[in-house]
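Trainee: Please see the structure below; I have some questions.
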Amino acid sequence: MLKPNYKVPAMAEIAEMPPNGYKVVSTFSGCGGTCLGFRMAGFQTVWASEFIPAAQQVYRLNHPHVPLNTKDIRDVLPEDILRESGLSRGEVDVFEGSPPCASFSSAGRREALWGQIKKYSDTKQRTDDLFWEYARIIEGVQPKVFIGENVEGLIRGRAKGYFKQIFARLKETGYKVNAQVLDAQWLGVPQFRRRVIFMGVREDLDLPPVYPKPFSYQYTFRDAIQGITNHGFTKGISSSYKAQLPRMKIGKSNDKYMNMRRLSFDKPSPTILAEAGRAAPYLHPNNERRLSIPEVLRIQSFPDDFKLSGVYDKDWERLGRSVPPLMARAIAQTIREDILEKC
């Protein structure tokens with residue numbers, strides 16, 4: 001199959017896409033990457049929640065017609081969602097959420113942080129218990145399908161114990177449950193990004209969870225940035241990082257030194273991490289500069305005109321914490337075709 005040109009529709013184009021009649025409830029919505037992907041597939045998000053103020057701001061800029069609940073998810077009741085969305089128990093087509101996952105990341109201190117209240121974005125909170133809140137709400141709302149996203153580190157090392165507990169808890173809610181690692185680079189996103197995707201289908205529907213099949217092609221960084229003419233604000237490289245540049249074999253793409261990465265034009269980007277905007281930089285393949293936010297938007301498969309705050313580190317964090325919309329679209333299309341249309 002010939003590889004089509006890489007293209008993400010503009011926000012106005014997405015708004016004009018015809019609805020398919022299916023309704024989504026979104027939790028841990030962030031800046032709305034998953035909601036945007038589902039909208040690209042024709043779904044309507046009827047209720048969303050986000051606790052981090054900076055993420056709320058960006059969500060509202062891009063999803064102004066979606067009711068956004070800003071409570072801590074621990075304080076949200078299923079009855080609140082049903083009342084505010086105007087739906088009854090069992091009527092939600094898809095319930096989605098990406099409970100924060102820093103404690104399970106393959107990078108960092110991992111189990112040393114389990115059970116701890118720690119800095120998360122602009123707040124301090126415990127995050128490794130949030131899948132239990134996610135399951136509590138599923139139990140009360142009883143959607144037809146749920147999906148939950150988390151880092152691949154959840155299935156590695158000692159974190160596998162948490163994975164098994166989460167899996168068992170989700171099955172208790174009355175669903176056929178599966179979990180599979182999907183890589184965004186095989187779902188139309190120019191980025192290596194492996195994530196665990198939990199999926200559950202309500203038992204009475206008698207259908208199994210189904211995942212999108214990988215594409216036969218990948219997009220590279222070169223494909224992603226074609227046509228970008230205005231890079232906007234980027235960020236310089238500190239003197240300590242500049243001192244490392246000679247060790248990076250300038251001209252050798254995809255080289256890495258002390259977590260500073262120089263991307264390759266001819267490969268997908270490495271994973272866009274939330275902290276990489278302020279910490280170890282990702283460098284343009286042949287320019288001595290960090291990636292620009294327009295480049296990160298393309299790598300994460302967001303529209304060029306997706307609205308952000310205009311603060312480099314914060315914008316990178318918002319994008320780095322998001323599910324790539326084109327990855328979410330592939331999942332949504334599969335759910336519609338292989339589950340909801342067969343109910």
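The values are calculated or read from the model by the stated rules, or taken from the named source; none is laboratory data. Note that the structure is predicted; figures quoted are calculated from it, not measured. Every residue, glycine as well, gets a Cβ built from its backbone with ideal geometry; the counts of neighbours run over all protein chains shown.
Trainee: Out of all the residues in the stretch 294-314, which are assigned to a helix (DSSP H, G or I) and modelled with pLDDT of 95 or more?
Mentor: Scanning the stretch 294-314 gives P294, E295, V296, L297, R298, I299.
Trainee: Let me ask you something else. Go through the stretch 195-226 residue by residue and tally those that are closer than 17 Å to I147 by Cα and hydrophobic (A, V, I, L, M, F, W, C).
Mentor: Looking only at that region, the number is 8.
Trainee: Residues in the stretch 304-322: is at least one at negative phi, free of Cβ contacts under 8 Å to residues at least 24 places away in the same chain and out of contact with any helix residue (DSSP H, G or I) (no Cβ under 8 Å at 6 or more places or on another chain)?
Mentor: Among the residues of the stretch 304-322, at least one is at negative phi, free of Cβ contacts under 8 Å to residues at least 24 places away in the same chain and out of contact with any helix residue (DSSP H, G or I) (no Cβ under 8 Å at 6 or more places or on another chain), which makes the answer yes.
Trainee: Tally up the residues in the stretch 1-51 that are assigned to a loop (DSSP other than H, G, I, E, B), touching a strand residue (DSSP E or B) at 6+ places or on another chain (Cβ under 6 Å) and within 23 Å of P78 (Cβ to Cβ), please.
Mentor: Result for the stretch 1-51: 3.
Trainee: Related question: Of the residues T229, T234, which is without any contact (Cβ under 8 Å) to a residue 24 or more places away in the chain and either part of a loop (DSSP other than H, G, I, E, B) or in contact with a Ser or Thr (Cβ under 6 Å, 6 or more places away or on another chain) (or both)?
Mentor: Only one candidate passes the filter, namely T229.
Trainee: So which residues in the stretch 160-187 are under 25 Å from F221 (Cα atoms) and either of a type in the set (A, V, I, L, M) or out of contact with any Lys or Arg (no Cβ under 8 Å at 6 or more places or on another chain) (or both)?
Mentor: Correct list: V181, L182, A184, W186, L187.
Trainee: Are any residues in the stretch 68-83 part of a helix (DSSP H, G or I), surrounded by fewer than 16 Cβ atoms within 10 Å (Cβ to Cβ) and out of contact with any helix residue (DSSP H, G or I) (no Cβ under 6 Å at 6 or more places or on another chain), and if so, which ones?
Mentor: D75, E79, R83 - these are the residues of the stretch 68-83 that are part of a helix (DSSP H, G or I), surrounded by fewer than 16 Cβ atoms within 10 Å (Cβ to Cβ) and out of contact with any helix residue (DSSP H, G or I) (no Cβ under 6 Å at 6 or more places or on another chain).
Trainee: Something else about it: For the stretch 210-221, indicate whether the set of residues that are in a strand (DSSP E or B) and in contact (Cβ under 8 Å) with a residue 12 or more places away in the chain is non-empty.
Mentor: no
Trainee: Return the only residue of L205, L182, L187, L170 being more than 21 Å from G33 (Cα to Cα) and either under 23 Å from the mean Cα position of the chain (by Cα) or small (G, A, S) (or both).
Mentor: L170
Trainee: What do you reckon, is F95 of a type in the set (F, W, Y), modelled with pLDDT under 95 and under 26 Å from Q300 (Cα atoms)?
Mentor: So F95 fails the test.
Trainee: Further question on the same structure: Might you let me know whether the stretch 45-67 holds any residue that is hydrophobic (A, V, I, L, M, F, W, C), buried (at least 24 other Cβ atoms within 10 Å of the Cβ), modelled with pLDDT of 95 or more and more than 17 Å from the chain's Cα centre (by Cα)?
Mentor: yes
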